[in-house]
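What follows is one structure encoded as structure tokens, with my remarks underneath.
The values are calculated or read from the model by the stated rules, or taken from the named source; none is laboratory data. The model shown is predicted, which means the values in this text are computed figures rather than measured ones. Here Cβ is always computed from backbone atoms with ideal geometry, including for glycine, and neighbour counts include all displayed protein chains.
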Amino acid sequence: MSSLRAYIITRFLMVIPTVLILLTLVFLILRIIPGDPITSMVGQKVPEEVLEKMRHEAGLDKPYHIQYLEYLAGVFTGNLGRSMIWGKRPVIAEIMDHFPATLELTIFGFVLSVLIGIITGSIAAFRRGSKTDTGMRIYSIIAYTLFIPWFGMLLQMLFGVYLELLPIGGRITPGYSPETITGLYVLDSILTLNLTSLVDALAHLALPSITLGIVLSGAYTRLVRNNLIDVLSQDFIRAYRARGVRERKVIFHAMKNAFIPVITLMGLQFAILLAGAVLTESTFSWPGMGTFLIERIEYRDYTAVQGAIVFYAMFVALISLVVDVIYALLDPRIRY
Amino acid sequence: MMLLEVKNLTTIFKTKRGVVRAVDNVSLSLDKGDFLSVVGESGCGKSTLAYSIIKLIDSPGEIASGKIYFDGKELTSLSEEKMRKVRGKEIGMVFQDPMTSLDPLEKIGDQIAETLMEHTDVTKKEAWQIAREMLEKVGLPPDRVDSYPHQLSGGQRQRVVIAMAVSLNPKLLIADEPTTALDVIVQEKIMDLLNEMRKEGRAIMLITHDFALAAERSDRIAVMYAGWIVEMGEAERLTKDPLHPYTRGLIDSVPDVWVDREIKPLPGFPPDLVKPPEGCRFRPRCPVATERCMKEPPGVEVDGRYVKCWLYEVE
Ligand SMILES: Nc1ncnc2c1ncn2[C@@H]1O[C@H](COP(=O)(O)OP(=O)(O)O)[C@@H](O)[C@H]1O
Ligand code: SF4
Ligand SMILES: [Mg+2]
């Protein structure tokens with residue numbers, strides 16, 4: 001187990017250069033694209049002297065390398081700075097306002113995609129070569145190639161506009177929000193035993209998470225199917241049967257073995273999931289990190305964009321680390 | 001009554017190319033404490049015969065006809081649930097590749113214990129204790145119960161597989177090429193172990209393509225060719241004085257079954273079982289084939305031995 005600890009520490013240290021490179025790129029790109037936070041906020045008509053004064057106050061008149069080093073120093077001491085536009089709130093507070101929305105959507109989309117993938121993939125594998133199998137394989141390809149905004153709009157039309165079953169945008173009906181504990185509405189509703197907000201939050205989550213879940217499930221369907229077929233044909237499965245182990249248990253062992261590569265995919269998918277969440281958020285006016293990021297890029301809110309990216313990168317790194325640890329715990333070949 | 005009696009067993013695979021008669025009208029029997037080897041080149045239906053006996057033939061295969069009597073039961077008509085109770089408990093299996101016949105995710109102890117708990121009323125703790133004893137019995141340190149398969153060598157794994165196969169004290173142990181994937185020294189040890197299991201009164205059915213191994217270890221040998229048993233009899237006599245041209249060819253092609261002999265490789269390959277040669281299936285490779293061999297040869301008894309060849313049919 002101590003090797004596992006060493007592994008975790010190494011993995012964590014490896015995150016630092018990744019984040020640093022990402023941060024540097026974002027820093028440069030933001031300054032290369034035309035415009036800056038000041039002009040985007042007050043417009044071009046303001047006299048140049050006033051603009052200069054505002055830039056000076058924001059520290060934007062300093063040479064880039066000084067700005068860069070000052071910002072880095074902040075990041076390393078855990079300070080993401082303040083927003084450069086209205087209100088100048090601390091970036092971390094802004095992130096905390098938007099991150100729970102994204103996390104909630106991501107978790108629901110993720111769980112749905114894995115569930116759908118495992119169910120469809122196993123059905124296909126157990127009925128290998130049948131029409132059902134072909135159906136599942138076609139499903140996997142279609143799901144994989146669906147374009148999120150297009151598919152999201154299709155669901156909005158069907159369930160929101162035509163059937164009027166579900167809300168087509170937003171996170172909660174105004175006035176229904178539960179008392180904030182974690183910022184995750186579903187969890188907070190449960191914790192405060194608020195059934196009205198729970199139902200409302202789930203209704204709002206339905207379409208965006210189904211969109212995300214279905215689009216991302218395609219890869220799981222395929223992987224689970226192929227793995228399971230492979231595992232089912234292996235000697236040790238036949239050996240279990242030859243020892244008179246009940247079929248139910250044999251299938252359990254097969255599923256467990258087929259699941260190992262799925263965990264790897266989960267780690268990889270999580271980064272894609274966050275990207276998918278950005279598209280989903282803009283389709284469903286979901287007030288999450290994606291929406292926040294797009295808005296602040298428009299305003300050239302340098303610190304906010306940089307902060308959001310650093311935060312995202314750290315989060316993805318953390319998740320992939322967690323996935324790796326789960327993987328190591330499940331597969332003894334990795335652990336020892 | 002014999003422990004195992006296979007009567008006119010035919011197992012087929014319905015493939016896209018046609019019907020493969022992998023085991024064709026095979027009969028054999030095995031008594032308690034017997035050591036029978038089934039020998040033949042690869043693709044002759046040996047494994048199919050072994051899996052037919054425990055009725056583990058996957059689609060597109062099926063037992064087309066014949067009967068399997070085992071210890072007072074007729075297996076081909078047994079329900080799947082009753083058959084499951086025979087597998088492992090009454091007939092143990094050892095497989096060719098110990099690298100792939102153990103579940104990589106489960107501890108050795110768990111794998112042995114699961115089998116025990118499936119067939120008997122032992123608690124998990126008792127099952128683990130038995131697992132330790134079983135490992136000791138096959139010459140492994142008992143604390144190996146806590147190991148995972150990848151932590152063991154090939155020979156050790158095969159010992160585990162044998163421990164697992166004998167842990168429920170089955171009356172018959174079928175070993176399908178148990179030493180093929182192992183190196184020579186380990187092979188010897190695994191064969192010694194199988195022999196010990198036999199000395200405890202179990203019947204052993206060894207499936208192998210290695211004639212020398214079969215000659216050295218078994219009481220009786222059944223030679224299989226293209227789905228048929230072409231010769232069967234007491235091991236020493238069959239080896240010293242083979243009747244069937246295929247048996248002769250096999251013996252001549254392996255070194256040191258009996259010393260001081262020239263090695264002559266057997267030319268050609270076993271036929272495609274979708275469309276086997278007409279008449280005797282060995283005909284295309286047989287040095288002494290005649291006109292009559294265009295018809296299926298009869299199975300005849302020649303001084304206590306079974307042989308399926310026209311040479312021994314006197315008209
Ligand atoms: N699952 C299967 N599907 C189709 N044909 C099979 C299958 N398993 C075995 N066979 C065929 O049955 C014949 C006998 O195979 P097998 O019993 O494995 O021979 P051996 O063990 O003597 O090498 C071969 O011709 C093989 O191609
Ligand atoms: S039957 Fe004929 S072809 Fe077949 S082995 Fe005997 S002699 Fe050879
Ligand atoms: Mg075989």
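Which condition does B:ILE112 not pass, out of (1) farther than 20 Å from A:ARG238 by Cβ; (2) crowded, with 23+ Cβ neighbours inside 10 Å, if it passes all the others?
Here B:ILE112 clears every test but (1).
Only one of these conditions is not met by A:MET54: (1) free of Cβ contacts under 8 Å to residues at least 24 places away in the same chain; (2) surrounded by 15 or more Cβ atoms within 10 Å (Cβ to Cβ); (3) closer than 30 Å to A:VAL325 by Cβ. Which number is it?
The number of the failed condition is (3).
Tell me, which residue of region B:25-55 that is within 13 Å of ligand 3 (Cβ to nearest atom) and within 11 Å of chain A (Cβ to nearest Cβ) is nearest to B:LEU4 (Cα to Cα)?
Out of the qualifying residues, it is B:ALA50.
Of the conditions (1) more than 19 Å from B:ARG202 (Cβ to Cβ); (2) of a type outside the set (Gly, Ala, Ser); (3) assigned to a strand (DSSP E or B); (4) touching a Ser or Thr at 6+ places or on another chain (Cβ under 8 Å), B:VAL6 clears all except one; give me its number.
In the conditions (1) more than 19 Å from B:ARG202 (Cβ to Cβ); (2) of a type outside the set (Gly, Ala, Ser); (3) assigned to a strand (DSSP E or B); (4) touching a Ser or Thr at 6+ places or on another chain (Cβ under 8 Å), B:VAL6 misses (1) alone.
For A:ILE66, are the conditions met, namely being among the β-branched types (Val, Ile, Thr), outside the structural domain of A:LEU293 (by TED's automatic domain parsing) and free of Cβ contacts under 8 Å to residues at least 40 places away in the same chain?
Spelling it out, A:ILE66 is indeed among the β-branched types (Val, Ile, Thr), outside the structural domain of A:LEU293 (by TED's automatic domain parsing) and free of Cβ contacts under 8 Å to residues at least 40 places away in the same chain.
Would you mind finding the one in B:ILE207, B:ILE263 that is over 14 Å from B:GLY40 (Cα atoms), aliphatic (A, V, I, L, M) and more than 16 Å from ligand 2 (Cβ to nearest atom)?
Answer to the selection: B:ILE263.
Let's see how each residue does on (1) within 29 Å of B:MET2 (Cα to Cα); (2) in contact with a helix residue (DSSP H, G or I) (Cβ under 8 Å, 6 or more places away or on another chain); (3) within 16 Å of ligand 2 (Cβ to nearest atom); (4) modelled with pLDDT under 90:
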residue	(1), (2), (3), (4)
B:LYS107	no, yes, no, no
B:GLN111	no, yes, no, no
B:LEU116	yes, yes, no, no
B:GLU133	no, yes, no, no
B:VAL138	yes, yes, no, yes
B:VAL166	yes, yes, no, yes
B:MET197	yes, yes, no, yes
B:ALA212	yes, no, no, no
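Please verify whether B:VAL161 is assigned to a helix (DSSP H, G or I) and either within 16 Å of ligand 2 (Cβ to nearest atom) or within 13 Å of chain A (Cβ to nearest Cβ) (or both), treating the condition exactly as stated.
Considered against the rule, which asks whether it is assigned to a helix (DSSP H, G or I) and either within 16 Å of ligand 2 (Cβ to nearest atom) or within 13 Å of chain A (Cβ to nearest Cβ) (or both), B:VAL161 comes out as yes.
Of all residues in region A:142-186, how many are in contact (Cβ under 8 Å) with a residue 24 or more places away in the chain and surrounded by 12 or more Cβ atoms within 10 Å (Cβ to Cβ)?
Looking only at that region, the number is 27.
Go through (1) in a helix (DSSP H, G or I); (2) within 14 Å of chain B (Cβ to nearest Cβ) one by one and return the number of the condition A:VAL245 breaks.
(1)
Are there any pairs, at least 6 apart or on different chains, whose C-beta atoms fall under 7 Å, with the first in region B:16-28 and within 16 Å of ligand 2 (Cβ to nearest atom) and the second not polar (S, T, N, Q), and if so, which?
Between residues of region B:16-28 that are within 16 Å of ligand 2 (Cβ to nearest atom) and residues that are not polar (S, T, N, Q), the close pairs are B:ASP24/B:GLY227; B:ASP24/B:TRP228.
Is it true that some residue in region B:44-54 is more than 19 Å from A:ARG238 (Cβ to Cβ) and either of a type in the set (S, T, N, Q) or assigned to a strand (DSSP E or B) (or both)?
No; the residues of region B:44-54 include none that is more than 19 Å from A:ARG238 (Cβ to Cβ) and either of a type in the set (S, T, N, Q) or assigned to a strand (DSSP E or B) (or both).
Look at region A:5-37 and say how many of its residues are β-branched (Val, Ile, Thr), in contact (Cβ under 8 Å) with a residue 24 or more places away in the chain and closer than 25 Å to A:GLY87 by Cα.
The qualifying residues number 2.
Please list, ordered by first then second residue, the pairs with beta carbon atoms under 9 Å, 6 or more apart or interchain, first in region B:287-315 and closer than 19 Å to B:LYS7 by Cα and of a type outside the set (Asp, Glu), second within 7 Å of ligand 2 (Cβ to nearest atom) and part of a helix (DSSP H, G or I).
B:PRO297/B:TRP310; B:PRO297/B:LEU311; B:PRO298/B:TRP310
Select from region B:276-315 the residues that are of a type in the set (A, V, I, L, M) and surrounded by 13 or more Cβ atoms within 10 Å (Cβ to Cβ) and list them in ascending order.
The answer is B:ALA289, B:MET294, B:VAL300, B:VAL302, B:VAL307, B:LEU311.
A quick yes/no check of all residues on (1) within 16 Å of ligand 3 (Cβ to nearest atom); (2) closer than 23 Å to B:THR208 by Cβ; (3) out of contact with any helix residue (DSSP H, G or I) (no Cβ under 9 Å at 6 or more places or on another chain); (4) modelled with pLDDT under 95:
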residue: B:THR239; (1), (2), (3), (4): no, yes, no, yes
residue: B:PRO245; (1), (2), (3), (4): no, yes, no, no
residue: B:ARG261; (1), (2), (3), (4): no, yes, no, yes
residue: B:LYS264; (1), (2), (3), (4): no, yes, no, yes
residue: B:PHE269; (1), (2), (3), (4): yes, yes, no, yes
residue: B:TYR306; (1), (2), (3), (4): no, yes, yes, no
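Quick one: what pairs do we get from region A:265-279, first residue under 14 Å from A:ALA219 (Cα atoms), second among the small types (Gly, Ala, Ser), C-beta under 6 Å, 6+ apart or different chains?
Cβ pairs passing all conditions: A:GLY267/A:SER320.
Only residues in region A:292-316 that are outside any helix (DSSP H, G or I) count as the first member; pair them with residues that are not hydrophobic (A, V, I, L, M, F, W, C), Cβ under 6 angstrom, at least 6 apart or cross-chain, and list the lot.
A:TYR299/A:SER40; A:ARG300/A:GLY35; A:ARG300/A:ASP36; A:ARG300/A:PRO37; A:ARG300/A:SER40; A:ASP301/A:PRO37; A:ASP301/A:SER83
Among the residues of region B:87-126, which ones are within 13 Å of chain A (Cβ to nearest Cβ), in a helix (DSSP H, G or I) and free of Cβ contacts under 8 Å to residues at least 24 places away in the same chain?
Within region B:87-126, B:ASP110, B:ALA113, B:GLU114, B:MET117 qualify.
Name the single residue that is farthest from ligand 3 (Cβ to nearest atom) among those in region B:56-70 being modelled with pLDDT of 95 or more and among the charged types (D, E, K, R).
Within region B:56-70, the match that is farthest from ligand 3 (Cβ to nearest atom) is B:LYS67.
Each row is one residue, and each column tells you yes or no for (1) near ligand 1 (Cβ under 10 Å from one of its atoms); (2) under 18 Å from B:GLU234 (Cβ atoms).
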site	(1), (2)
B:LYS14	yes, no
B:ARG21	yes, no
B:PHE35	no, yes
B:VAL39	yes, yes
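Here is a yes/no grid of residues against (1) among the aliphatic types (A, V, I, L, M); (2) over 22 Å from B:PRO271 (Cβ atoms); (3) surrounded by fewer than 19 Cβ atoms within 10 Å (Cβ to Cβ):
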site	(1), (2), (3)
B:THR179	no, yes, no
B:LYS199	no, yes, yes
B:ILE207	yes, no, no
B:GLU234	no, yes, yes
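Residues A:LEU265, A:LEU232, A:LEU216, A:LEU228: which one is within 14 Å of another protein chain (Cβ to nearest Cβ) and not small (Gly, Ala, Ser)?
Of A:LEU265, A:LEU232, A:LEU216, A:LEU228, the one residue that is within 14 Å of another protein chain (Cβ to nearest Cβ) and not small (Gly, Ala, Ser) is A:LEU232.
Can you name the condition, by its number, that B:ASP210 falls short on among (1) over 24 Å from B:LEU173 (Cβ atoms); (2) within 16 Å of ligand 3 (Cβ to nearest atom); (3) among the charged types (D, E, K, R)?
(1)
Which ranges mark the helices (runs of 4 or more DSSP H) fully within region A:117-208 that have 1 or more residues being farther than 30 Å from A:ALA254 by Cα and under 23 Å from the mean Cα position of the chain (by Cα)?
Qualifying helices (runs of 4 or more DSSP H): A:148-155, A:185-191.
Being buried (at least 21 other Cβ atoms within 10 Å of the Cβ) and either more than 7 Å from chain A (Cβ to nearest Cβ) or in contact (Cβ under 8 Å) with a residue 40 or more places away in the chain (or both) is the filter here, so list the residues in region B:70-85 that pass it.
B:PHE70, B:LEU75
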